1. Quick one: in the range 137-188, of everything that is among the small types (Gly, Ala, Ser) and touching a residue at least 60 places away in the same chain (Cβ under 8 Å), which residue is nearest to Phe89 (Cα to Cα)?
2. Scan the range 103-113 and tell me whether some residue there is surrounded by 10 or more Cβ atoms within 10 Å (Cβ to Cβ) and touching a residue at least 12 places away in the same chain (Cβ under 8 Å).
3. Residues of the range 81-96 being within 25 Å of Val135 (Cβ to Cβ) and either more than 19 Å from the chain's Cα centre (by Cα) or at pLDDT 85 or above (or both), which ones?
4. Conditions: (1) loosely packed, with under 10 Cβ neighbours inside 10 Å; (2) in the same structural domain as Arg53 (by TED's automatic domain parsing); (3) of a type outside the set (S, T, N, Q); (4) more than 25 Å from Ala12 (Cα to Cα). Pro174 meets all but one. Number of the miss?
5. Name, by its number, the condition in (1) assigned by TED's automatic domain parsing to the domain that holds Val160; (2) at pLDDT below 65 that does not hold for Arg28.
Amino acid sequence: MPPRRVFWLVGAGLLGIALLVLGNLGGRSGSPAPEQKGEGPDLRAGPTGQMRREEEALATSLEALLAQVRGVGEVRVAVRLEGSTESDFAVNTVTGNKTTQEKDKNGGSRTITEVSDNGQVVLVRDGRGQEVPVVERERAPRVAGVLVVAEGAADPQVRVALFRAVEVALAVPPHKIIVLPRERKGEP
């Protein structure tokens, strides 16, 4: 296949993905989720809710950063993550070791060793008096893709600047970034 044809096919595929992502940005379902009464975890904010909040926070932060680039104009950013932040909690582990030696009537002997492990998550009281687990380490999720739509992206120099800024700011490989020009207000 000629390189030019491959370039157009890849470009069309990326454009299709970008349109799908943009279509999901403003979409709302028909009915709102019911209000949750009482205390306890918010079931509506399960793993996907937490991930969505992380994506939106990252996009907002990146928009503010990219708006500083000369010639960008108005900019919108969509970030998709492969998962949510993962936390490793501190665990108190108690290990027990019990060894028993037995001898039978025929002069034979055997040794039995029992090993037991018991782990319990370490909890501390927060400022409100509630017990919360102690986090040993957090791992940030990987970025699945970034879409940048900016007024100034029609200029090749601005497009390259935006592309490189996203690449460096999020440590994202180039094939996961799309920068598109935004329609200027008043244009046909």
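The values are calculated or read from the model by the stated rules, or taken from the named source; none is laboratory data. Keep in mind that what you see is a predicted model, and the values were worked out from it rather than measured. Neighbour counts run over all protein chains shown; Cβ positions are idealised from the backbone, glycine included.
1. Top of the filtered list is Ala144.
2. No, because not a single residue in the range 103-113 is surrounded by 10 or more Cβ atoms within 10 Å (Cβ to Cβ) and touching a residue at least 12 places away in the same chain (Cβ under 8 Å).
3. Listed by number, the residues that qualify are Leu81, Ala90, Val91, Asn92, Thr93, Val94, Thr95.
4. Only one criterion in (1) loosely packed, with under 10 Cβ neighbours inside 10 Å; (2) in the same structural domain as Arg53 (by TED's automatic domain parsing); (3) of a type outside the set (S, T, N, Q); (4) more than 25 Å from Ala12 (Cα to Cα) is unmet by Pro174, namely (4).
5. Single failed check for Arg28: (1).
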